[in-house]
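The values are calculated or read from the model by the stated rules, or taken from the named source; none is laboratory data. Values in this document were obtained by computation on a predicted structure and should not be read as measured data. In this analysis, Cβ positions are derived from the backbone assuming ideal geometry, glycine residues included, and neighbour counts consider all displayed protein chains. Each accessible area value is taken on the protein alone, full model and side chains, heavy atoms only, with ligands, DNA and RNA left out. Shrake-Rupley method; radii C 1.70, N 1.55, O 1.52, S 1.80 Å.
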Amino acid sequence: MTQPSITYRAVLHNNEIREFNCANNMPDSYHVMKWEEPVVEATLIVPSTHLSPVISHCMSCRGVQKESSTLGEGRFLLKYEIPLIETVTDFYSSVKKLSSGYATCDFEDAGHWETDITRVDVVVNGNRVDGLSMIVRSDVIREVCTKTVKEIAKLMPRELYKIIIQCVVGSKVQARAEISPLRKDVTKDLYGGDKTRAMKLLARQREGKKKLKDKAVVRIPRAVFRTL
């Protein structure tokens, strides 16, 4: 799930161009006329028997076909323009797998495309975690945010208080996950049916957890930063 480091461009209203590769350096959208992302031209030579799945894969990576021609001997030449971010993780290995290892793939710089991106922040118990902010395409925000909060929740240890993990855009919550608190049975030493005493102990426990949550600083494990 780790985000690749891609250098985006922001074209401001005064036509100034600013480059950035992390959410913390992303300009305020109020000043931005358009966002741009880097694009590569992928040149693929594919056996005709594996052409269809390779084409489908290129399209699923937002590829735009520029050329398709036969080379003879059951081979096809394909050229696609594809956003760089779609190619830096497992694009090449997927092409190899879909072609049973027979396809070849080369990349060249192809400039930039206009894109629609947004800064997404991770908030844990009301506090933004700067190191976890992300640059996300606007059309997949909900999907990415839902996956992110679930992944963080798996890696976070439980505490004596509830932990609330949110992905937000500005002040709008896109996804949320909760980690339930550890529970200590404060009534285990009570005998008989002393319900009043039990209720007082439970109320005191709830108040203690609330105070602890208000004062505590949630520790984010290093594994969360490595994973995201």
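Details
- Cα centroid separation - region 20-45 against region 73-111, whole Å: 21
- Sequence-separation-based contact order of region 49-135, relative, with Cα cut under 8 Å and 6+ spacing, percent: 20
- Cβ-based net charge around Val88, under 14 Å, with every Lys or Arg adding one and every Asp or Glu removing one: -3
- The slack between Phe107 and Arg75, meaning 0.36 nm per residue of separation minus the straight C-alpha distance, is 9.6 nm.
- Region 1-123, accessible surface, carbon-and-sulfur percent (1.4 angstrom probe): 47
- Modelled this way, with points 7 Å down the Cα-to-C-beta line, the labels at Ser171 and Ser68 are 4.9 nm from one another.
- Taking amide H atoms as placed 1.01 Å from N in the peptide plane, the amide H of Phe76 lies under 5 Å from those of Val46, Ser48, Leu71, each 5 or more residues away in sequence or on another chain.
- Under the Karplus curve 6.51 cos²θ - 1.76 cosθ + 1.60, θ = phi - 60°, whole-Hz ³J(HN,Hα) for region 75-92, x wherever Gly or Pro sits: 10, 10, 9, 10, 10, 10, 8, 9, x, 3, 4, 7, 10, 8, 9, 10, 4, 4
- Dipole size of region 1-121 about its Cα centre, with +1 on Lys/Arg Cβ and -1 on Asp/Glu Cβ: approximately 360 debye, rounded to the nearest 20.
- Counting charges near Val168 (Lys, Arg +1; Asp, Glu -1) among other residues having Cβ under 14 Å from its Cβ returns a value of +3.
- Hz values of 3J(HN,Hα) by residue in region 167-175 - Karplus curve (6.51, -1.76, 1.60), Gly and Pro given as x: 10, 10, 10, x, 9, 8, 7, 9, 7
- Distance in nm between pseudo-label sites at Asp130 and Lys150 (7 Å out along the Cβ direction from Cα): 3.1
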